[in-house]
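To start, the structure under review is shown below, and the notes come after it.
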Protein chains: 2
Amino acid sequence: MDKAFYNSNFKLGILGGGQLGRMFIQEAINYNASVHILDPSELAPCKDIATSFTQGDLMDYSTVVSFGQNLDLLTIEIEHVNVDALETLEKEGVEVYPQPHILRMIQDKGTQKEFYKEHSIPTAPFILSDSFDYNIELPVVQKLRKGGYDGKGVQILRDKKDVTHGFHEPSVFEDLIDFEKELSVIVARNTKGEVKTFPVVELEFNPEANLVEYLFSPAAISQEVEQKAQDLATQVAESTKVVGLLAVEMFLTKDGEVMVNEIAPRPHNSGHQTIEGNITSQFEQYLRAITGMPLGDTSIIAPSVMVNLLGEKDHTGEAFVEGLEEVMAISGATVHLYGKWKTKPYRKMGHVTVVDKELESAKEKAKKIKDTLKIKTR
Amino acid sequence: MDKAFYNSNFKLGILGGGQLGRMFIQEAINYNASVHILDPSELAPCKDIATSFTQGDLMDYSTVVSFGQNLDLLTIEIEHVNVDALETLEKEGVEVYPQPHILRMIQDKGTQKEFYKEHSIPTAPFILSDSFDYNIELPVVQKLRKGGYDGKGVQILRDKKDVTHGFHEPSVFEDLIDFEKELSVIVARNTKGEVKTFPVVELEFNPEANLVEYLFSPAAISQEVEQKAQDLATQVAESTKVVGLLAVEMFLTKDGEVMVNEIAPRPHNSGHQTIEGNITSQFEQYLRAITGMPLGDTSIIAPSVMVNLLGEKDHTGEAFVEGLEEVMAISGATVHLYGKWKTKPYRKMGHVTVVDKELESAKEKAKKIKDTLKIKTR
């Protein structure tokens with residue numbers, strides 16, 4: 001008990017100090033947890049609210065090792081980190097969650113796809129290739145095996161002329177699924193093997209930026225699909241044996257099947273609405289999972305819609321928030337700004353969650369918010 | 001708009017860095033607000049999460065003036081501060097809310113009572129005296145005019161033998177009200193004069209420590225009493241013209257009347273359940289009020305019970321939290337620890353809010369929490 005995370009000089013560290021770490025800290029404060037941050041940017045959103053902040057490269061072996069050596073527990077808020085360093089730290093006795101081998105698997109979308117296949121987890125058919133494959137059948141989705149993030153490194157090649165922008169790097173070529181909806185389930189698994197899923201949410205993407213624009217909770221799906229999606233998320237959590245969270249993004253096909261699109265081993269944009277809309281938020285659930293505490297009740301308190309605040313298209317520079325006062329006058333809207341002082345096109349600058357008695361009225365409010373609240377430069 | 005609190009280098013300061021400031025910061029993070037703290041203790045709960053932390057005496061004129069001079073907006077989380085300094089800062093162009101003259105009035109319980117009388121605000125009949133009044137009719141409540149806090153400086157004198165512990169300082173002697181219930185309403189008034197009340201809550205006190213032990217939301221009262229209590233809170237906010245929050249603690253008398261007991265010009269223990277139980281929390285409402293933003297919807301999302309975590313009676317020293325894991329397994333319970341590393345008898349060390357579908361089941365869970373979660377030393 002000496003080393004319980006809420007009791008004494010327990011030190012928790014996070015690789016990455018962006019908005020996910022920031023929202024995690026907001027909730028970790030409730031447990032007196034000291035949170036130490038490593039991030040390459042001196043303007044990282046977590047900088048001012050972390051117990052300590054270290055500037056450094058997350059991909060650099062010795063930076064990560066020396067950051068981690070004084071910690072009791074190390075976690076991540078971005079998966080692009082030096083996994084060798086995490087393995088070294090694990091050997092030295094630091095608890096590292098999610099486990100380094102899971103990060104290694106997820107970092108490479110090819111290995112990720114092979115994992116699904118081995119574990120009979122439904123996913124779009126694919127082939128792997130070391131470079132661009134000119135014989136590939138179109139249409140196809142090309143995903144870089146490594147380094148993609150927030151919609152980057154993924155593209156749809158529909159016809160011959162698209163082939164000219166093919167990535168010439170190791171890739172996954174995946175069948176283009178003609179889906180009905182995109183769904184997501186956040187699933188938690190703690191150090192004791194307890195697993196709990198959040199209710200299924202529905203995602204609507206900004207086609208230009210390939211980023212989540214709206215999220216609807218609960219998803220408008222049948223009870224049967226809800227169950228299938230939750231079972232699938234549980235299957236992924238149990239077959240990976242992850243400790244922490246997995247955001248399992250799924251396709252609902254036109255014939256009612258669910259298949260895994262991608263997973264992220266951390267809090268995720270598709271769980272932000274849980275802060276206001278569910279009994280336990282994904283951030284608190286994450287803390288519970290990695291510290292071995294009982295997982296929280298994931299039930300929905302109220303229907304909710306989340307809208308991402310992306311930097312406006314033609315604005316790069318010091319951020320200016322437009323329309324906040326009007327949005328704060330909307331009942332049930334909670335604004336989350338991410339502490340980013342510089343904006344650029346499609347940068348994730350914040351989000352707003354609207355809770356309401358009915359999902360439909362929450363949707364209307366969310367549309368109004370999207371039209372009102374803009375991140376610009378002057 | 002250059003100086004909007006969420007946009008650029010706006011500096012907000014708080015006198016006091018305890019749990020109220022800490023929970024305020026947790027929500028202010030959502031708006032990118034920089035929060036600067038002045039507190040006498042180097043172990044203040046806000047220290048690690050504030051944008052900057054200054055150690056200093058809140059009652060010292062020059063300490064407060066020099067802390068405030070670089071700020072755009074200065075507020076408080078404790079009313080025992082140097083008001084002369086606030087007046088100086090106000091003259092120098094710093095926005096100070098709540099307004100210094102209101103703090104001056106509230107700091108002195110005698111002036112506070114006279115204010116109620118002048119404004120026809122129902123309150124227990126009283127007399128003022130410069131020292132102990134041996135002719136006072138018993139039973140009576142004696143309250144020190146100045147310096148009382150968290151149950152200190154208030155006592156009930158029931159009979160002749162109690163008179164020996166009478167305070168020999170300027171006091172209010174107040175009729176002992178044989179009340180049915182103790183109620184509280186948090187009311188907000190913003191810089192534009194908009195006023196909004198939270199629904200009425202019911203308080204249960206620890207008789208030994210004179211501190212809130214349980215809080216029930218909503219209060220089990222008739223619609224008529226609910227309306228009277230909200231009207232009374234509105235009347236107090238409008239007659240004081242406060243900018244910020246007032247916690248209006250009230251008695252519900254046995255014949256169904258409500259009268260003001262005391263007011264506090266800041267977030268208050270009787271509003272902690274709003275974090276989980278209401279659309280807008282008292283801390284966010286406070287931020288909205290002092291920055292001139294529209295006040296948020298105060299509706300209840302779910303019935304809730306709050307239980308204070310007070311330091312155990314025979315424990316003084318380094319705090320040790322017992323029973324947290326069991327409490328985290330209770331559905332709907334959210335734990336808030338205040339980042340206080342030292343405990344002493346009855347020190348407010350944290351609170352837990354339980355939300356549930358029904359108030360009765362939330363009450364049962366809260367009783368279990370109180371019996372389980374203990375703040376001790378080893």
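The values are calculated or read from the model by the stated rules, or taken from the named source; none is laboratory data. The structure displayed is predicted, hence computed values, not measured ones. A quick note on method: Cβ atoms are made from the backbone with ideal geometry, for glycine too, and the neighbour counts reach across all protein chains shown.
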Checklist entry - Within the stretch B:311-329, how many residues are at the interface with chain A (Cβ under 7 Å from one of its Cβ atoms) and in a loop (DSSP other than H, G, I, E, B)? => result 1
Checklist entry - Which residues, counting only those in the stretch B:52-78, are more than 20 Å from the chain's Cα centre (by Cα), at pLDDT 95 or above and in a loop (DSSP other than H, G, I, E, B)? => result B:Gly56, B:Asp57, B:Asp60, B:Gln69, B:Leu71, B:Asp72
Checklist entry - Given the conditions (1) of a type in the set (Lys, Arg); (2) farther than 20 Å from A:Phe24 by Cβ; (3) crowded, with 21+ Cβ neighbours inside 10 Å, and given that A:Arg266 satisfies all but one, which numbered condition is not satisfied? => result (2)
Item to check | Output for the stretch B:155-172, where each listed residue is outside any loop (DSSP other than H, G, I, E, B) and either surrounded by fewer than 20 Cβ atoms within 10 Å (Cβ to Cβ) or on the phi > 0 side of the Ramachandran plot (or both) | outcome: B:Gln155, B:Ile156, B:Lys160, B:Lys161, B:Asp162, B:Val163, B:Thr164, B:His165
Next on the checklist: Restricting to the stretch B:353-375, and then to whatever is more than 10 Å from chain A (Cβ to nearest Cβ) and β-branched (Val, Ile, Thr), can you tell me which residue is nearest to B:Leu20 (Cα to Cα)?
Outcome noted: B:Thr353
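Look through A:Val260, A:Val236, A:Val242, A:Val307 and report the one residue that is within 16 Å of the chain's Cα centre (by Cα), at pLDDT 95 or above and under 27 Å from A:Ala4 (Cβ atoms).
Values: A:Val260 fails: under 27 Å from A:Ala4 (Cβ atoms); A:Val236 fails: under 27 Å from A:Ala4 (Cβ atoms); A:Val307 fails: under 27 Å from A:Ala4 (Cβ atoms).
Answer to the check: A:Val242.
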Item to check | Filter result for the condition that a residue is surrounded by 15 or more Cβ atoms within 10 Å (Cβ to Cβ) and more than 18 Å from the chain's Cα centre (by Cα), over B:Ile127, B:Ile102 | outcome: B:Ile127
Next on the checklist: Being in contact with a strand residue (DSSP E or B) (Cβ under 7 Å, 6 or more places away or on another chain) and without any contact (Cβ under 8 Å) to a residue 24 or more places away in the chain: is that true of A:Glu77 here?
Outcome noted: no
Checklist entry - Restricting attention to the stretch B:29-44, does a residue exist that is assigned to a helix (DSSP H, G or I), among the acidic types (Asp, Glu) and buried (at least 16 other Cβ atoms within 10 Å of the Cβ)? => result no
Next on the checklist: Give me the residue from the stretch A:330-346 that is at the interface with another protein chain (Cβ under 7 Å from one of its Cβ atoms) and assigned to a loop (DSSP other than H, G, I, E, B) and, out of that set, farthest from A:Gln26 (Cα to Cα).
Outcome noted: A:Ser331
Next on the checklist: Take A:Lys47 and tell me if it is assigned to a loop (DSSP other than H, G, I, E, B), under 19 Å from A:Pro267 (Cβ atoms) and not assigned by TED's automatic domain parsing to the domain that holds A:Ala289.
Outcome noted: yes
Checklist entry - In the stretch A:39-75, which residues are closer than 23 Å to A:His336 by Cβ and of a type in the set (A, V, I, L, M, F, W, C)? => result A:Leu43, A:Ala44, A:Cys46, A:Ile49, A:Ala50, A:Phe53
Checklist outcome for this item: Per the filter on the stretch B:332-372, residues in contact (Cβ under 8 Å) with a residue 12 or more places away in the chain and either outside the structural domain of B:Ala220 (by TED's automatic domain parsing) or polar (S, T, N, Q) (or both) are B:Thr334, B:Thr343, B:Thr353, B:Thr372
Item to check | Within the stretch A:1-54, considering residues that are at the interface with chain B (Cβ under 10 Å from one of its Cβ atoms) and of a type in the set (Ser, Thr, Tyr), the one farthest from A:Thr75 (Cα to Cα) | outcome: A:Ser8
Checklist outcome for this item: Of those in the stretch B:270-310 that are touching a His at 6+ places or on another chain (Cβ under 8 Å) and outside any loop (DSSP other than H, G, I, E, B), the residue surrounded by the fewest Cβ atoms within 10 Å (Cβ to Cβ) is B:Asn308
Checklist entry - Do we have A:Gln69 as more than 20 Å from A:Glu87 (Cβ to Cβ) and surrounded by fewer than 17 Cβ atoms within 10 Å (Cβ to Cβ) here? => result no
Checklist entry - Would you call A:Ala247 at pLDDT 95 or above, more than 9 Å from chain B (Cβ to nearest Cβ), crowded, with 18+ Cβ neighbours inside 10 Å and not in a strand (DSSP E or B)? => result no
Checklist outcome for this item: Reported set for the stretch A:292-310 where residues are in contact with a strand residue (DSSP E or B) (Cβ under 7 Å, 6 or more places away or on another chain) and within 14 Å of another protein chain (Cβ to nearest Cβ) is A:Leu295, A:Thr298, A:Ser299, A:Ile300, A:Ile301, A:Ala302, A:Pro303, A:Ser304, A:Met306, A:Leu309
Checklist entry - Can B:Val354 be described as in contact with a helix residue (DSSP H, G or I) (Cβ under 6 Å, 6 or more places away or on another chain), part of a strand (DSSP E or B), of a type outside the set (D, E, K, R) and more than 30 Å from A:Leu324 (Cα to Cα)? => result yes
Next on the checklist: Residue pairs, Cβ under 8 Å, 6 or more apart or interchain, first in the stretch A:24-40 and in the same structural domain as A:Gln282 (by TED's automatic domain parsing), second assigned to a strand (DSSP E or B). List them.
Outcome noted: none
Checklist entry - Tell me, which strands (runs of 3 or more DSSP E) lie completely within the stretch B:178-238 with 3 or more residues that are farther than 29 Å from B:Gln99 by Cβ? => result B:179-189, B:201-206, B:211-217
